[in-house]
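Values in this text are rule-based calculations from the coordinates and carry no lab data. Since this is a predicted model, take the numbers as computed values, not measurements. Cβ placement follows ideal geometry from the backbone for every residue including glycine, while neighbour counts extend to all protein chains displayed.
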Amino acid sequence: APTLADLEALQAEISCVPSLEEHFEVTKPKRRRPQVIILGIPNDVEKDRLIKDLSAKNHFMCDAKNNPLFEVNFSIRAKYSTNWIVSVDPSIYKRLFDDTGLYFEFSRFKFDNFFGVKQCKHCRRFGHTTKWCPRAKDELCDHCGGDHPSASCKEVSCINCKESNQRTGSNFDFKHKPFDRLDCESFHKQKANLVRLTDYGAP
């Protein structure tokens, strides 16, 4: 990955070409906000209600004008409750973990870091969701994502780790299921990239 010095050198080089500056604006990409998952919120709680009471009960999550320093992104339905994904301003990220939970209405709820690595449920590959799968119309194996019927799949294998070995010469162990996030080195690489692109605030 390019360092800050590399990016600044590239920006300086581009600024030396007048024709480029006339047609393009050179900016550094913004790093993403960190996300957390709040666990076990009652199913009847809606987004606006969650924002209002998180702001009221956790004062550090708002600025001096009482504007929220967080954004509720989406929810994930669990068996008996709902988990909410929230992105937070880097300035409050470390303060967030000073406590073991966030207060909402009359209870305290656990939360943890959330790493939203996109993985398609159809082709099993990273980088997109099922909705945008370029191979949505192809019949692929439910077990490994390979180009064969599921019934003929003879062994467990991860298509991401296998393709990484073929493309980049990595030596990832691919003898696991594509959704096995504990042992999948391709997943850990995706997660590490996500962390690298996230602004967690001052150390």
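Placing +1 on the Cβ of every Lys and Arg and -1 on the Cβ of every Asp and Glu, with no other charges, gives the chain a dipole of roughly 640 debye about its Cα centre. In a simple Cβ point-charge model (Lys, Arg +1; Asp, Glu -1; nothing else charged), segment 130-197 has a dipole of about 320 debye relative to its Cα centre. Computed extension gain for LEU197 through HIS128, at 0.36 nm per residue and net of the alpha carbon distance, reaches 23.1 nm.
For the pair GLU155 and LYS121, a Förster radius of 30 Å applied to the C-beta separation gives a FRET efficiency near 0.90, rounded to the nearest 0.05. What the Cβ-Cβ distance of PHE97 and LEU182 gives, at R0 = 30 Å and to the nearest 0.05, is a FRET efficiency of 0.80. A Stokes-Einstein calculation at 20 °C with viscosity 1.002 mPa s, built on the Kirkwood radius of segment 130-197 over Cα pairs, returns a diffusion coefficient of 165 µm²/s. Under the shape rule built on the C-alpha gyration tensor, where the axes satisfy a ≥ b ≥ c, segment 35-113 is prolate, since a/c reaches at least 1.5 and a/b is greater than b/c. Take every DSSP beta bridge whose two residues both sit in the chain; close to 95 percent of them are antiparallel. If R0 is taken as 41 Å, the Cβ-Cβ distance between ARG49 and GLU163 corresponds to a FRET efficiency of 0.40. Each stretch of four or more DSSP H residues adds -39500 (n - 2.57); spread over every residue of the chain, this sum gives -8500 deg cm²/dmol at 222 nm.
Measuring nothing but how far apart in sequence close Cα pairs (under 8 Å, 6+ apart) lie, relative to its length, the chain scores a relative contact order of 18 percent. Partner lysines whose Cα lies under 23 Å from the Cα of LYS57, excluding those fewer than 8 positions away in the same chain, are identified as LYS47, LYS65, LYS94, LYS110.
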